[in-house]
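The values are calculated or read from the model by the stated rules, or taken from the named source; none is laboratory data. This one's a predicted model, so the numbers in the text were calculated from it and none came from an experiment. Neighbour counts are summed over all protein chains in view; Cβ atoms, including those assigned to glycine, are modelled from backbone coordinates with ideal geometry.
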Amino acid sequence: MVRSRPSRTRGIMRPSRPSVALCLLVAVASLPACTGEDQVAPESGSQVAIVKGGDDRAGEYEAVEDWWKPAPDHEGPWTWGQVSGVAVDTPDRILVAIWGDRDRQGREREGSTNYLVAVDRNGNIVENWTQWDSIFNKPHQVYISPYDPERHVWVVERGGGKGVNMQVLKFSNDGSELVMRLVDPDHPTTRAEARANPNPGPFTYGDPAVLAFLPDGSFLLGDGYWNSRIVKYDASGEYLMEWGALGSGPGQFDLVHGVAVDRDHRVYVGDRTNNRIQIFTEDGEFIEEWPDVSDPVGVFIDENDGVWVISARLNRILKYSVEGELQYYFGAFGGTRGGFAGGLSRPHQLDVDQEGNLYIASW
């Protein structure tokens, strides 16, 4: 967890293997309060104190050590799977998407559980949505729309294994009800199969990845790893339109892995394999691209129109202006061996709570 100077994001917005989870520390690790304090100008003739050392690895944040807890044992030793997503409901309720759990050797356990949990402000598990284990396998990211007064919880599920489908899921805030399910049970099962069909149906997903929301309740799906398109639905899940195709030209994609919408309804797309951000109108008209953005796996817009991009390859969080100027960045690799609180290891999703704390999910 992190307490951030960056404003709350709008739109949609991993210890050994446990380091995957610590990465959720970084992954969902909460970095508390800003390290900086207001500076007072020295009196004339006085000496200016020099702060020695330091390396600014966490930027304007301070990492909270041991915030994300090691996986507890249950019916034998186990550990967390990959921590893939995080969404803040309140500062005392943070939802975390996990690829189930593993044994101590990192292999998926039979009867794997722990796909979606909620933790409190101290990182303690307070909810476990085991009632939905049968429809989870690879929950890719989790969201709460900032425009939804009922605070529904959305999950993009990549499927695979256990007969779980690629799908978009919408739950009541407390997880008691599955409100919406967008799925085609006959979806492709390989990339080759998906890319052999350049015109998939509106719910025939190809490893879907990310969501973004608009004020009217409509939403955008980045679909994704295989299908290379953005699909737009209305608030009830009815298909509206789509754009995109496989390629590297304007309006084409190769792995859509980040989507965000600004106050003027411009759509920012993380075109991951093409190492760029593309910007469109909400109806898919190409506006421009920002090149040379390495491995952009997440895009988020804050209330001051800062465009925050997660670079998984660089293990950095980058801030751009809406004009595409790089203004600020922070982050440093902190892997499974010799890692450190706040270190990143393939960061994957972020969110900010109402107190300014930043949560980053890392693999």
Practice task
Using the structure shown, decide if Glu242 is farther than 19 Å from Val269 by Cα and either under 19 Å from the mean Cα position of the chain (by Cα) or among the charged types (D, E, K, R) (or both).
Solution key: no
Exercise for the section: Find the residue count for region 293-350, including only residues that are on the phi > 0 side of the Ramachandran plot and of a type in the set (Gly, Ala, Ser). Expected result: 4
Problem - Qualifying position, being closer than 25 Å to Glu127 by Cα and among the small types (Gly, Ala, Ser), among Ser228, Ser172 - result: Ser172
Practice task
Being within 19 Å of His152 (Cβ to Cβ), of a type in the set (Val, Ile, Thr) and buried (at least 24 other Cβ atoms within 10 Å of the Cβ) is the filter here, so list the residues in region 89-115 that pass it.
Solution key: Ile94, Val96
Problem - Residue satisfying all of: in region 45-99; aromatic (Phe, Trp, Tyr) and closer than 16 Å to Ser112 by Cα; modelled with the highest pLDDT among these - result: Trp99
Exercise for the section: Kindly indicate the residue of region 182-206 that is modelled with pLDDT under 95 and closer than 16 Å to Leu169 by Cβ and also surrounded by the fewest Cβ atoms within 10 Å (Cβ to Cβ) among those meeting that condition. Expected result: Pro185
Exercise for the section: Would you please list the contacts, defined by Cβ atoms under 7 Å and residues six or more apart or on different chains, that run from a residue in region 85-112 that is closer than 17 Å to Pro72 by Cβ to a residue that is of a type in the set (Lys, Arg) and part of a strand (DSSP E or B)? Expected result: Arg109/Arg102
Exercise for the section: Please indicate, with yes or no, whether at least one residue in region 179-200 is among the hydrophobic types (A, V, I, L, M, F, W, C), under 20 Å from the mean Cα position of the chain (by Cα) and assigned to a loop (DSSP other than H, G, I, E, B). Expected result: no
Practice task
Output yes when any residue across region 207-226 is at pLDDT below 95, among the small types (Gly, Ala, Ser) and assigned to a loop (DSSP other than H, G, I, E, B), and no when none is.
Solution key: yes
Exercise for the section: Kindly provide the set of residues from region 63-88 that are farther than 24 Å from Glu150 by Cα, out of contact with any Pro (no Cβ under 9 Å at 6 or more places or on another chain) and surrounded by 15 or more Cβ atoms within 10 Å (Cβ to Cβ), ordered by number. Expected result: Lys69, Gly81, Gln82, Val83
Practice task
Looking only at region 145-154, decide whether some residue is assigned to a strand (DSSP E or B) and touching a Phe, Trp or Tyr at 6+ places or on another chain (Cβ under 7 Å).
Solution key: yes
Exercise for the section: Collect the residues in region 337-363 that are of a type in the set (Ser, Thr, Tyr) and either in a strand (DSSP E or B) or closer than 16 Å to Ala118 by Cα (or both), keeping them in residue-number order. Expected result: Tyr359, Ser362
Exercise for the section: Check region 251-265 and report whether any residue there is under 21 Å from Ser294 (Cα atoms) and of a type in the set (Asp, Glu). Expected result: yes
Exercise for the section: Return yes or no: is Tyr239 under 24 Å from Arg191 (Cα atoms) and of a type in the set (Phe, Trp, Tyr)? Expected result: yes
